[in-house]
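Down below is the structure, laid out as C-alpha cells.
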Amino acid sequence: MADSVGLSFPTTSIQLGHVFYMTTTQSLWKYVGGPPADAASWVLLNGTFNEQPNVATWGLAQAGALWYYAPEQMYYGWDGTKIIQLAYAGGEATYNYHTNIKQSDDFFYGSVGSGALGELGWTFTSLSVVSVGSETGHPGIFRFTSSGTAVGRLLLSGSFAMFLDGDFTHVWIIRLNDVDNETTCRIGFINSTSANPPDNGVYFEKTTTDTTWIAVVRENPGDDRLDTGVAVVADFVTLTAVRKSGNVFFYINEILVATLPDTNIAAMPQLTPCIQLVSSNGGVTKSIDLDYFQLDMAVER
C-alpha cells in the first residue's frame, strides 16, 4: 500500500522508504534519499508505461527498478547503468520479435552437404567437410578443410545477408587446427566473402604473419585493425563481438580484448556471418573445427 498518492513526487512529510503512487503514470515509487522533487531520489517499483521512463538522471540508486512496457509486451529493469530487458509476455525476452532476432546452431545434426549443414543449413565453398566426434563441452563439431590456395568459406544459408544498422552480438566457438605462417582465418560478419581480404566486415582475423588474434572493423579501402594480444592456439576458443554505444567490443573466452569504433559500419553493404580459411601453400591443406554459432540483433518493428 502506498504511503501517499498524487500527480508528482511529494516534497514534505516523507522519509527513507516512503512509497508513493503517481496517478499520472499509475506507478509505484520508493524514496531513497535526496531532494524529494528529483526523480534521482526515487526508485521505480512497478507500473505499466506506454513510453519508456525518463532515465536521464538515474544511477546506482535506481538499480532494481522494474516496469512493464506495454507497446512491446515486455518487462524492463534498470541495472544501475542502463535499461535491460527482463521478460517478454509472449515468451522469453530473447525471442521478442519487436526488438531482436536470435539465431543459434550447436551443430548437433545435419549432413555434410552444402545447404544442409547444421540446424541453420550452412553452405560452403572450396572446403571439404566431415563431422567429428563430440568432446567434453563441445557436443557437436564439424571440421572444415581448405582446398589449396582458394578462399574456403562457410556462409549462413548461402546468400543470407543483412544490414548492420543496430546493435548486435555474434558468438563463435571454433578450433583452428593449423596456426602456422601458411594459414589465414577470419571469423565474423563479412562482405565479398571470396576476397582475401574481404572488402568489408567486422571479424576476428589471423593472417600468415599473425601469431595473435586481430580484431577488425573494415570498410574498404581502410580498416581498423587492433591486436588483441591473445595467442592463436590449436584449441577451442570463444570469439565474441558486440556492437553497442558507438563501439564494437571484441571478447575472447568472455574477456574483453579490444574495442574499436563502429563509425564505418553504417557505410558497409550487406554482410553475412562467415568463416574464411585460406592456405598460402597450395600443396598443404588447413582445417578448422566449428562447435557453436550465435547471432543476436536489435531490430525495431
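Brief remarks on what is shown
- Test for A266: is it loosely packed, with under 15 Cβ neighbours inside 10 Å, modelled with pLDDT under 95 and among the small types (G, A, S): yes
- Residues that are in a loop (DSSP other than H, G, I, E, B) and either aromatic (F, W, Y) or in contact with a His (Cβ under 8 Å, 6 or more places away or on another chain) (or both), drawn from region 235-265: F236
- If you check I174, I190 for being of a type in the set (V, I, T), closer than 22 Å to Q294 by Cα and modelled with pLDDT under 90, only one passes: I190.
- Residue count, region 273-301 (criterion: assigned to a loop (DSSP other than H, G, I, E, B), modelled with pLDDT of 90 or more and either outside the structural domain of D210 (by TED's automatic domain parsing) or charged (D, E, K, R) (or both)): 1
- Only one entry of T99, T183, T193 meets the criterion of being in contact with a strand residue (DSSP E or B) (Cβ under 6 Å, 6 or more places away or on another chain) and either under 21 Å from E219 (Cβ atoms) or surrounded by 15 or more Cβ atoms within 10 Å (Cβ to Cβ) (or both), and that entry is T193.
- Segments classed as strands (runs of 3 or more DSSP E), wholly inside region 1-82, with at least 2 members that are under 28 Å from S245 (Cβ atoms) and in contact with a Phe, Trp or Tyr (Cβ under 8 Å, 6 or more places away or on another chain): 27-31, 42-49, 66-69, 74-78
- Close Cβ contacts (under 6 Å, 6 or more residues apart or on different chains) running from residues in region 109-127 that are on the phi > 0 side of the Ramachandran plot to residues that are outside any loop (DSSP other than H, G, I, E, B) and of a type in the set (V, I, T) comprise G115/T123.
- Filtered residues of region 207-224 (kept if over 12 Å from F250 (Cβ atoms) and either among the hydrophobic types (A, V, I, L, M, F, W, C) or under 21 Å from the mean Cα position of the chain (by Cα) (or both)): R218, E219, D223
- Candidates L277, L256, filtered to the one that is loosely packed, with under 14 Cβ neighbours inside 10 Å, in contact with a Phe, Trp or Tyr (Cβ under 7 Å, 6 or more places away or on another chain) and not β-branched (V, I, T): L256
- Within region 45-76, the residues that satisfy the criterion of being over 19 Å from V299 (Cα atoms) and touching a Leu at 6+ places or on another chain (Cβ under 8 Å) are L45, N46, G47, P53, Q62, A65, L66, W67.
- Residues of region 179-213 that are assigned to a loop (DSSP other than H, G, I, E, B), touching an Asp or Glu at 6+ places or on another chain (Cβ under 9 Å) and among the hydroxyl-bearing types (S, T, Y): S192, T208.
Conditions tested, residue by residue: (1) over 27 Å from S134 (Cα atoms); (2) modelled with pLDDT under 95.
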site: E205; (1), (2): no, no
site: T211; (1), (2): yes, no
site: R218; (1), (2): yes, yes
site: G222; (1), (2): yes, yes
site: V233; (1), (2): no, no
site: F236; (1), (2): no, no
site: L239; (1), (2): no, no
site: V242; (1), (2): yes, yes
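- Region 24-52, subset at pLDDT 90 or above and within 26 Å of N100 (Cβ to Cβ), residue surrounded by the fewest Cβ atoms within 10 Å (Cβ to Cβ): T48
The values are calculated or read from the model by the stated rules, or taken from the named source; none is laboratory data. All values reported here derive from a predicted model rather than from experimental measurement. Because the Cβ atoms are built from the backbone with ideal geometry, glycine has one as well, and the counts that use them run over all protein chains shown.
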